[in-house]
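Enquirer: I'd like to ask you about the structure that follows.
Just so it is clear, none of the values below were taken in a lab; they were calculated from the coordinates. Computed from a predicted model, the values in this text were never measured in an experiment. As a convention, Cβ positions derive from the backbone with ideal geometry for all residues, glycine included, and neighbour counts pool all protein chains shown.
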Amino acid sequence: MNELLIMADPRLMAERAAWLQSLASERRLSEHTLDAYERDTRQFLTFLTGHLAGPTTLKDIHALRPADFRAFLAARRREGSGARSLGRNLAGLRSLLRYLEKKGLVNAAGAAAIRSPKQPKSLPKPLSDTQAITVVSDEAQLHDEPWIAARDAAVMTLLYGCGLRISEALDLLPGDLRPGATSLRITGKGNKTRLVPLLSVVFDAVEKYRALCPYHLAADQPLFRGARGGKLQQAIIQRTMQKMRSAFGLPDTATPHALRHSFATHLLAGGGDLRTIQELLGHASLSTTQIYTGVDSARLLEVYDRAHPRA
């Protein structure tokens, strides 16, 4: 589907902009999700320009039938979109249409009648405990600048030792890790908070970085800094892990997020119960956490009586 200029009346575009703003301010969706919803609805309105042979209006949106949404999903599928992308496309459209329906502008029944594409069941791909410990160790860091090497080790240790998402680690403030603290309060998706145990090895890694960091770490500023002193970006850590894959022969699935998967899998292997792991990961639903029961079951039996390797 070629990305043409969206041909839609100004009121529809204004309502779409207001919807996106409400998602950010009221529902506090992540920037990644907001970008995806913006792109999904832009692609849909672009599709309608050709599908309806003219500029799209709120009246056109109101008149859409299930067949129109199926035509959009079929067009996306022909371009190579998989079930996950199509499911997100539909979720974004439904969200927009519900917003417009609440304002009495359209009928959202057409989109609601479409069944979401069946999602393929995929298992997380954790690192082995040996691989994970290698990644978080001081000796494995590849940067020549000592403070940057210590920073990278501290971030990796937080991902594996606390099961954090990379965004959660990079949003930490200096005061979040206090001397003597045994837990860490994390604000995750949906602005929900949770407590995770703060292992001494995690605190020590962060303290080593703090001692070497050349920048003043003010209480209200990000803990982790980039080379020029600004907030450390996710892409930097992702590139660091990419270099580690090459240097240590790690699989392509070895990513920063894989360390979070490893945290959960290794805890489960050590006898941790799913409900506790759910709380530690910040999953809203236990069904999300249950996917880890299908990860490398043979290995779970092999190391069942072992605790988390970094505890």
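Enquirer: With an 8 Å cut-off on Cα pairs and a minimum separation of 6 or more residues, tell me the relative contact order of region 10-112 in percent.
Expert: 32 percent
Enquirer: If you add up the charges near ALA112, with Lys and Arg at +1 and Asp and Glu at -1, over every other residue whose beta carbon is less than 9 angstrom from its beta carbon, what do you get?
Expert: Net local charge, ALA112 excluded: +2.
Enquirer: How far, in nm, would the chain grow between THR57 and SER22 when pulled straight, counting 0.36 nm per residue and subtracting the alpha carbon separation?
Expert: Working: separation 35, 0.36 × 35 = 12.60 nm, distance 2.10 nm.
In short, 10.5 nm is gained.
Enquirer: List, in order, the whole-Hz ³J(HN,Hα) value for each residue of region 49-66 obtained from phi through the Karplus relation with A = 6.51, B = -1.76, C = 1.60 and θ = phi - 60°; use x for Gly and Pro.
Expert: Those phi angles translate into 4, x, 5, 9, 6, x, x, 8, 10, 4, 5, 5, 4, 4, 8, 4, 10, x Hz.
Enquirer: Go through region 253-266 residue by residue and turn each phi into a ³J(HN,Hα) via Karplus (6.51, -1.76, 1.60, θ = phi - 60°); whole Hz please, and just put x for glycine and proline.
Expert: Here the 3J(HN,Hα) series is 7, 7, 10, x, 5, 5, 5, 5, 4, 5, 3, 5, 5, 6 Hz.
Enquirer: Sticking with this structure for a sec: Near the amide H of VAL106, under 5 Å away, which other amide H atoms are found, from residues 5 or more places off or on another chain, if H is placed in the peptide plane?
Expert: GLU101
Enquirer: Now, a different point. Per 0.36 nm of contour for each residue apart, how much would the distance between THR182 and TYR215 grow if the chain were fully extended, relative to their Cα-Cα spacing?
Expert: Extra length from THR182 to TYR215 when fully extended: 9.3 nm.
Enquirer: List the residues whose amide H sits under 5 Å from the amide H of THR56, counting only those 5 or more places along or on another chain, with H placed 1.01 Å from N in the peptide plane.
Expert: It is MET7, ALA8, ASP9, by chain and number.
Enquirer: For LEU232, list long-range residues whose amide hydrogen, built 1.01 Å from N in the peptide plane, is under 5 Å from its own amide hydrogen.
Expert: PHE224, ARG225, GLY226
Enquirer: If R₀ is 45 angstrom, what is the calculated FRET efficiency for the pair THR130 and ALA235, using the beta carbon separation as r and rounding to 0.05?
Expert: Step by step, r from the Cβ atoms, then E = 0.95.
Enquirer: Within the set of other residues whose C-beta is less than 11 Å from the C-beta of THR253, count the net charge using Lys and Arg as +1 and Asp and Glu as -1.
Expert: +1
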